[in-house]
Structure formats: structure tokens, C-alpha cells
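Student: I have a structure I would like to understand better, so I am pasting it below and will then ask my questions one at a time.
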Amino acid sequence: RVMSGKTREFQGPPQFPYTPGGDVCGIVVAVPEETKKGGQCKFSVGDRVAARFMNKPLGMLGEYALCNTDVCDVVPQNVSSEDAAALVSSAVVAVLIADRIREGDRVLIYGAGGGVGSHLCQMARLQGASYVAGVGRDSERLMEAPLYCDCAVDYTKTDPFSVKEWCDKPFDVIIDLAGGAWPALLRQRSSGHPSIVKSAKSKGRYLTITPDNPVFEIHKMRDFFKIFLFPSLGRAISSRIGLSRASMPKYSYVLALPETSEALTRTLALASENKLIACIDEQGPFPFTSDGVRRAFELQASYHTKGKVVITVSSDK
């Protein structure tokens, strides 16, 4: 989406030549004498660190990259650089979403096979979910290590909103990472069929990090409001105090990465303790060549990755 220019005014690319890439792991070669806040930089030359982008995903795919120390942390020795790069953004989102899962919850993850979903399946179990179901194209992978979903559905073969077992025993929470689940729930309600998720009145929740259509185009602020603000605000209100409260789950748009490294520190610690396994698409890591980078971005553009897409610029050595 970023490289297509469809969201250029908000996400770039600002101009050409343009260096893409938002998440990175590498060795520190230089640090500022003091931070913008006037303190001493907490990192030293030679540290192996992982960092994510702040506002726009750019500038990281190169032999050298300038990182924001506010969203950066030292990588534990037993976590590889490829794993750290895969974890630094998507897995952090998964960790933060998992904080909203309650012990004993029945959880459905819609879009479970991607970068966020592959890590959220693991985190849901760590949070004490009693049942984790996944929706994705590769249902077999969702039930294998390290994701270990209790049940998985290939949406190209089965309508996940009509699975009898789920209708008979609805979920406590649906986490929509792919987009489109809320309109599907509305259609299900209109058809008179039982819902696969509890209503807000029965403490059912719907969490999402994406608009209904994940492929969107934004050039003006009104486009942003139309896609993100107005639908989310309307659904949040109607599912809490409106008539929808008795038939639809409580809607929450939850994508908001903090501008601190606390969540990243937690995520890397979980990886170091082998409680969270980094999921990298089996086609990668890709080499830092013209062909390798092209293949990596083509895979990313397909919206059908199995975990994170990683490019290895150079070895740790």
C-alpha cells in the first residue's frame, strides 16, 4: 500500500529515491552525544538492537538505518536478528491485543495466519484463553506448532460465520485482523441465524486493527475520517448504548502502538523465554538482492503471507 502511492500524503513515499522498510534489527555503529530530551543515550556502539518505525514505515531496508531510540531495545543473545526483526512490530501488536483477552475466553482470530495473527494465536493461549480458533487460507498450519489453534477454518472453503459448532457455542471475542468480519456479522444478524459471537449485553467483544477493506486509498483528511473514524465511532457507540448492544458484540478499534519501548521489551523477553516463537514466512528470509527484495515485496503485496516477511541485509558477523 505504501509503495503503491495510494496513501502517499500520510505514509509516503515522500519522494524518490525512497528507502522502504519499517522494522529492523542490527548492530549500533553510532549514537548521539545526547538525546532530544537532554539525557544520555541508553545504547552503546556494538549493541544489537531491534527497532520499529514511528510514523511512517520507511528508511530501514539498507546497510545503515537511522532508528528512533524511543521504540528500540537491545535484543537478547538467544534471539536471532531475523526473529527480532519479525517480532519488533507485528508481535508487539499481538502482545498488546492479547492484554484484552480474559482467562477462559473463547477466542476467534480472523486472519490468523499473517504477521500479527501468527503471534496472537500464541499469545491468546498464554493469556489463558480456553479455546482458540483461527481463520486463514492454510488451516492445517494454524493447528500446528507454534500456533496450536484448537480449530481452524479455511475461509475459501468454509464460511466461518456458519460453522455450527461456533453458532451453538459462540465466542467471547472475535479479533479481526483481515477486515470484513463486522459486515459479515451484520449479514448474519439480518438473516436471523445465530451469531458466532456473544452480544455486548452478554459481554461479547469485537476487536480489530483494520477497516473493513484492508486495501484502501487515502489522499485527503476526509478520506481518513471516512475509512477509519466514522465507521469505528458509530459502531463503538451503537454496540455500547444503542439497539445493537443486544445483538452485536462490543466494537473496539485497537491499533495504537505506544511511542515507548516497554511493549517491545516484553515481547523480546517472551521470545527469549521461548514463550513466543517468531513466525517468518517459509519463503524467507529473502536475500538483499534486487530479485530477493522484489520477491519479498510481491509476497507482502499478496496479503497471504504465512507470518512475517523478512529480508536479511547482512549476517550478524
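Student: I'd like to verify a number: residues in segment 181-209 that are of a type outside the set (A, V, I, L, M, F, W, C) and buried (at least 17 other Cβ atoms within 10 Å of the Cβ), how many?
Tutor: Within segment 181-209, residues that are of a type outside the set (A, V, I, L, M, F, W, C) and buried (at least 17 other Cβ atoms within 10 Å of the Cβ) number 8.
Student: Return only the number of the condition from (1) of a type outside the set (Ser, Thr, Tyr); (2) touching a Pro at 6+ places or on another chain (Cβ under 8 Å); (3) open to solvent by 10 Å² or more (accessible area, probe 1.4 Å) that Arg137 does not satisfy.
Tutor: The one condition Arg137 does not meet is (2).
Student: Related question: Six or more apart or on different chains, Cβ atoms under 9 Å: show the pairs whose first residue is in segment 124-144 and in contact (Cβ under 8 Å) with a residue 60 or more places away in the chain and whose second is among the polar types (S, T, N, Q).
Tutor: From residues that are in contact (Cβ under 8 Å) with a residue 60 or more places away in the chain, the pairs are Arg137/Thr156; Arg141/Ser118.
Student: OK, next. Could you please let me know if Arg102 is open to solvent by 10 Å² or more (accessible area, probe 1.4 Å), in a helix (DSSP H, G or I) and touching a strand residue (DSSP E or B) at 6+ places or on another chain (Cβ under 9 Å)?
Tutor: Answer is no for this residue.
Student: Looking at Ser239, Ser232, Ser244, which is the one that is within 21 Å of the chain's Cα centre (by Cα), over 24 Å from Val88 (Cα atoms) and crowded, with 16+ Cβ neighbours inside 10 Å?
Tutor: Numbers: Ser239 fails: within 21 Å of the chain's Cα centre (by Cα); Ser244 fails: within 21 Å of the chain's Cα centre (by Cα).
Going through Ser239, Ser232, Ser244 in turn, the sole match is Ser232.
Student: May I pose another question? Being out of contact with any Ser or Thr (no Cβ under 8 Å at 6 or more places or on another chain), basic (Lys, Arg) and in a helix (DSSP H, G or I): is that true of Arg240 here?
Tutor: Considered against the rule, which asks whether it is out of contact with any Ser or Thr (no Cβ under 8 Å at 6 or more places or on another chain), basic (Lys, Arg) and in a helix (DSSP H, G or I), Arg240 comes out as yes.
Student: Out of (1) out of contact with any His (no Cβ under 8 Å at 6 or more places or on another chain); (2) open to solvent by less than 30 Å² (accessible area, probe 1.4 Å); (3) modelled with pLDDT under 95; (4) not in a strand (DSSP E or B), the odd one out for Leu66 is which?
Tutor: Here Leu66 clears every test but (2).
Student: Follow-up. What number of residues in segment 125-143 are within 22 Å of Tyr303 (Cβ to Cβ) and in a helix (DSSP H, G or I)?
Tutor: Qualifying residue count for the region: 4.
Student: Further question: For residues that are outside any loop (DSSP other than H, G, I, E, B) and more than 24 Å from the chain's Cα centre (by Cα), tally how many sit in segment 201-220.
Tutor: 2
Student: Has segment 287-303 got any residue that is in contact with a helix residue (DSSP H, G or I) (Cβ under 7 Å, 6 or more places away or on another chain) and either in a helix (DSSP H, G or I) or open to solvent by less than 60 Å² (accessible area, probe 1.4 Å) (or both)?
Tutor: No.
Student: Pairs only if they're at least six apart or on different chains, beta carbon under 9 angstrom, first in segment 282-302 and within 18 Å of Ser81 (Cβ to Cβ), second open to solvent by 80 Å² or more (accessible area, probe 1.4 Å) and small (Gly, Ala, Ser); list them, first residue then second.
Tutor: Sorted first by the residue in segment 282-302, then by its partner, the pairs are Phe288/Ser314.
Student: Give just the number: which of (1) more than 26 Å from Ser81 (Cβ to Cβ); (2) within 22 Å of the chain's Cα centre (by Cα) does Asn274 not satisfy?
Tutor: Looking at each condition in turn, Asn274 falls short on (1).
Student: Can you work out which of the residues in segment 76-95 that are open to solvent by 10 Å² or more (accessible area, probe 1.4 Å) and touching a strand residue (DSSP E or B) at 6+ places or on another chain (Cβ under 8 Å) is nearest to Gly46 (Cα to Cα)?
Tutor: Within segment 76-95, the match that is nearest to Gly46 (Cα to Cα) is Ser81.
Student: Is it the case, given these coordinates, that Ser202 is more than 25 Å from Tyr131 (Cα to Cα), of a type in the set (Ser, Thr, Tyr) and at pLDDT 95 or above? Working first, answer last.
Tutor: Values: more than 25 Å from Tyr131 (Cα to Cα): no; of a type in the set (Ser, Thr, Tyr): yes; at pLDDT 95 or above: yes.
No, not satisfied.
Student: When you look at Ala271, is it of a type in the set (A, V, I, L, M) and either under 30 Å from Ala145 (Cβ atoms) or not in a helix (DSSP H, G or I) (or both), yes or no?
Tutor: So Ala271 passes the test.
Student: Now for a different question. Looking at (1) open to solvent by 60 Å² or more (accessible area, probe 1.4 Å); (2) within 19 Å of Arg100 (Cα to Cα), can you tell me which one Lys220 breaks?
Tutor: (2)
Student: Conditions: (1) part of a loop (DSSP other than H, G, I, E, B); (2) more than 28 Å from Lys275 (Cα to Cα); (3) without any contact (Cβ under 8 Å) to a residue 40 or more places away in the chain. Phe161 meets all but one. Number of the miss?
Tutor: (1)
The values are calculated or read from the model by the stated rules, or taken from the named source; none is laboratory data. Computed from a prediction, not measured in an experiment: that's the story for all the values here. Cβ coordinates were reconstructed from backbone atoms using ideal geometry, including for glycine residues, and neighbour counts include every protein chain displayed. With ligands, DNA and RNA removed, areas are computed over all heavy atoms of the protein, side chains included. Shrake-Rupley method; radii C 1.70, N 1.55, O 1.52, S 1.80 Å.
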